[in-house]
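The values are calculated or read from the model by the stated rules, or taken from the named source; none is laboratory data. The structure displayed is predicted, hence computed values, not measured ones. Every residue, glycine as well, gets a Cβ built from its backbone with ideal geometry; the counts of neighbours run over all protein chains shown. Just the protein is used for accessible areas: all its heavy atoms, side chains included, with ligands, DNA and RNA removed. Shrake-Rupley method; radii C 1.70, N 1.55, O 1.52, S 1.80 Å.
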Amino acid sequence: MTRPMDSFEIAERIKSYALDLEFTAVGITSAEPLSKEGKMLAEWLQRGYHGSMDWMARTRDIRPDPRGYFPEARSVVCLAANYFRDEPLDYTDDEACISLYARGRDYHKVLRKRLRKLLEFVQQLDPGAKGRICVDSFPLLEKPLAVRSGIGWIGKHTNLILKQQGSWFFLAELLLSIDLPADDPFNEDHCGTCNRCQVACPTDALNEAYVLDAQRCISYLNIEHDGPIADELARDMGNLVFGCDICQAVCPWNRFQTETEEPDFKERLDDGQRQLEALASLDQASFETLFAGTPVRRAGYENFMRNVKIAMENRDM
């Protein structure tokens, strides 16, 4: 007769299988609410730093509590997946620059596939287990959960940093209805006196360490923001037409980053397709075709063309 596994053995097997699925790091925490971080979120919203991202305000009460999204949750498996590739982080003034994470296949699809396999594995270990998979489009405070699970710390640029590995990672979570032993939280901050990310931000979105003013963040402006962009901010966008990697590019911890082995994260555009003149001639159908299956479609055709126009104006200044 097979011996039933205890929660410690289940937790270790989950972690081992997650690494087999090519997640870079995995930690487990409880599904208890993040009370301190919930208060910090409320203050951030009160300051208007979310800009026009109204959904963040609408979900403010459930974001700090994993059970707000999945009432049966008892444990949260937090995961990080490397997406770094040794490619140019910027291009010539005649080319559009797209954030590294968005140059390949939409990571939501890639990570959900892995998470489904992980949930199936958990249910083989414990047939009574129920779960929900989450990849950043769900109302969860992912980074604080990752810190509480012991994966890393949140840097001054507000991205999660893994010690000796860097910050070029996607985050994902598996909410489970079973009790698993929690890992020790990551209680250290290894940013020290370094403020390279703050100094490098062209739009001063990081004037306050560990606090992002999304209204000034280039990634917010060229992805989430609809309509015109103030001239003083547009001038600092350069040729960034989708996203921005500047704060990560200057982070000393990213000298340790290794390349991902995930083929779906490889660059999908060739050199000619990055030319601003070529992008400026796209109609909506050709935009949808060119960026099918990538995160770039999130910006929408009108906003993307606005961003291309800004890049061309910055080039010609």
For the peptides 10-18, 221-229, what is the packing order when you average, over each peptide's residues, the other Cβ atoms within 10 Å and list the highest mean first?
10-18, 221-229
Roughly how many Å² is the accessible area per residue of segment 112-235, as a whole number, for a 1.4 Å probe?
44
Run the lone-cysteine check on the chain: no other Cys C-beta under 4.7 Å from the residue's C-beta.
C78, C97, C134, C191, C194, C201, C217, C244, C251
Low-density loop positions, GluC sites (Glu not before Pro), segment 96-174 - DSSP coil, at most 15 other Cβ in 10 Å
none
Have a look at segment 212-317 and give its Rg and Dmax from the Cα atoms, expressed in angstrom.
14.8, 41
If the cut-off is 23 Å between C-alpha atoms, which lysines fall inside it for K117, apart from same-chain ones fewer than 8 positions away?
K15, K109, K130, K143, K266
Work from the charge dipole of the chain (Cβ charges, +1 for Lys and Arg, -1 for Asp and Glu, about the Cα centre) and give the residue of P71, L282, Y49 farthest towards its positive end.
P71
Simple Cβ-charge dipole of the chain, Lys/Arg +1 and Asp/Glu -1, about Cα centre, in debye nearest 20:
880
The chain, relative contact order [Cα under 8 Å, separation at least 6], %:
25
Kirkwood-based Rg/Rh on the Cα set of segment 1-141 evaluates to 1.05
Per residue, how many Å² of accessible area does segment 263-303 show with a 1.4 Å probe?
55
Can you give me the accessible area per residue for segment 19-65, using a 1.4 Å probe, in Å²?
57
Given the rule -39500 (n - 2.57) for each run of at least 4 DSSP H residues, summed and divided by the residues of the chain, what is its mean residue ellipticity at 222 nm, to the nearest 500 deg cm²/dmol?
-8500 deg cm²/dmol
Tilt of helix 35-46 relative to the longest C-alpha principal axis of the chain, in degrees (0 to 90, nearest 10)?
20
Leaving out ligands, DNA and RNA, what percent of the accessible area of the chain is carbon and sulfur, probe 1.4 Å?
48
